[in-house]
Amino acid sequence: MSISGKRPKLIATDLDGTIVAHYGQISERTIAAFTKAHKMGVEIFFVTGRPPRWMAEIRDAFGFGNAICANGAMHYDLVNSKILEEWLIPVENQIEIAQILRKKIPGVNFAIEFEGHFHREKNYVANWDIGIDNEGVDEIEELATQPAFKMMARCSKNEFTSDQMLEIAEREISHLATVTHSAPEDSIIEISAIGVSKGATLEKLAARAGFTAEDCVSFGDNPNDFSMLSWASRSWAMADGHPDSPKYSKFIAEPLKADGVAKVIEALLELPA
């Protein structure tokens, strides 16, 4: 693999679909590549849509690194399992978002997350039940009592694709929130506070450490990674990711099953500092 330039000072990567398989496995080659980079002094950022409660397996697999969770809404101390900083959706915005999208996306249902808790409407069918509120409420406004790090809107009967839902939401609520998704095959969008994204938070935290986009590389596969792929001077979209990913990245990495990210990192570490 031919890659030019200098060795990066920071590597930022998405997790699911990029270095973590859908069944949760991370390959030995991937762990070895990140471990070598870490030992060489490269800062590692795991940048994910996941909430903190789903990060223990990442901590156990690597044992190092920084984390940006909930699509940029949270700076998380991965090793010590501690939230360092949050950027939250105000209560009034949560309520207005729900009211607007109910009118624009028939069949939509909502869930919100705050303080480690997942709360949902009764008709919101979750794919993962870790931390789930199994009882649910009729309308999410009943639980919108404090700022949230994420809202989810879902059509459980797949009336719309995630891309279609994203298009509608960006048109209708972009003045209230940042909207994205990470599941093209599903019918779900993820909502953050306005101005919050993976790329925006990565840029902020990198700057605090004295790094610019020129010092960083990023990897991702879905719309919630587009801001991060756009920001880094060198970025790789996964070959098996969302079809629009290459529009936002500078390069294409081989698929996850072929250890695409690990192969790029191995090449990057051969570059001069």
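The values are calculated or read from the model by the stated rules, or taken from the named source; none is laboratory data. Here the structure is a predicted model, which is why all the values come from computation and not from measurement. Ideal geometry is used to build each Cβ from the backbone, glycine not excepted, and the neighbour counts take in all protein chains shown.
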Considering each of Ala262, Ala237 in turn, give the residue that is at negative phi, crowded, with 17+ Cβ neighbours inside 10 Å and assigned to a helix (DSSP H, G or I).
Ala262
Is it fair to say Gln164 is touching an Asp or Glu at 6+ places or on another chain (Cβ under 9 Å), surrounded by fewer than 17 Cβ atoms within 10 Å (Cβ to Cβ) and outside the structural domain of Phe46 (by TED's automatic domain parsing)?
no
If I ask for residues that are under 13 Å from Glu86 (Cα atoms) and among the polar types (S, T, N, Q), which ones from region 170-212 would you list?
Ser192, Ser197, Thr201
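Across region 134-153, which residue is modelled with the lowest pLDDT among those that are more than 20 Å from the chain's Cα centre (by Cα) and crowded, with 18+ Cβ neighbours inside 10 Å?
Here the answer is Gly136.
Rundown of residues vs (1) of a type outside the set (S, T, N, Q); (2) in contact with a strand residue (DSSP E or B) (Cβ under 9 Å, 6 or more places away or on another chain), yes/no style:
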| residue | (1), (2) |
| --- | --- |
| Asp14 | yes, yes |
| Thr18 | no, yes |
| Glu28 | yes, no |
| Phe34 | yes, yes |
| Pro52 | yes, yes |
| Ala56 | yes, no |
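Rundown of residues vs (1) farther than 24 Å from Ser197 by Cβ; (2) not assigned by TED's automatic domain parsing to the domain that holds Ala239, yes/no style:
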site	(1), (2)
Ser2	yes, yes
Asp14	no, no
Ser27	yes, no
Lys39	yes, no
Glu43	no, no
Gly49	no, no
Arg59	no, no
Phe64	yes, no
Val79	yes, no
Here are some residues: Asp215, Asp244. Which one is surrounded by fewer than 19 Cβ atoms within 10 Å (Cβ to Cβ) and among the charged types (D, E, K, R)?
Asp244
Considering residues of region 97-112 that are surrounded by fewer than 21 Cβ atoms within 10 Å (Cβ to Cβ) and touching a strand residue (DSSP E or B) at 6+ places or on another chain (Cβ under 9 Å) only, the residue nearest to Pro147 (Cα to Cα)
Arg102
Just for region 11-61: of the residues that are aliphatic (A, V, I, L, M) and exposed (fewer than 15 other Cβ atoms within 10 Å of the Cβ), which one is nearest to Ala206 (Cα to Cα)?
Met40
Unique match (being hydroxyl-bearing (Ser, Thr, Tyr), within 21 Å of Arg50 (Cβ to Cβ) and touching a residue at least 60 places away in the same chain (Cβ under 8 Å)) among Ser187, Ser235, Ser245, Ser197
Ser197
Which helices (runs of 4 or more DSSP H) sit wholly inside region 25-120 and have at least 2 residues that are more than 24 Å from Gly220 (Cα to Cα) and free of Cβ contacts under 8 Å to residues at least 24 places away in the same chain?
91-104
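Return yes when Ser156 is of a type in the set (Gly, Ala, Ser) and buried (at least 20 other Cβ atoms within 10 Å of the Cβ) and no when it is not. Before you say what the answer is, go through the steps one by one.
Details: of a type in the set (Gly, Ala, Ser): yes; buried (at least 20 other Cβ atoms within 10 Å of the Cβ): no.
The answer is no for Ser156.
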On the basis of being at pLDDT 95 or above, assigned to a helix (DSSP H, G or I) and of a type in the set (S, T, N, Q), does Gln164 make the cut?
yes
Among the residues of region 208-222, is there at least one that is under 26 Å from Ala148 (Cβ atoms), assigned by TED's automatic domain parsing to the domain that holds Met40 and either among the acidic types (Asp, Glu) or at pLDDT below 95 (or both)?
yes
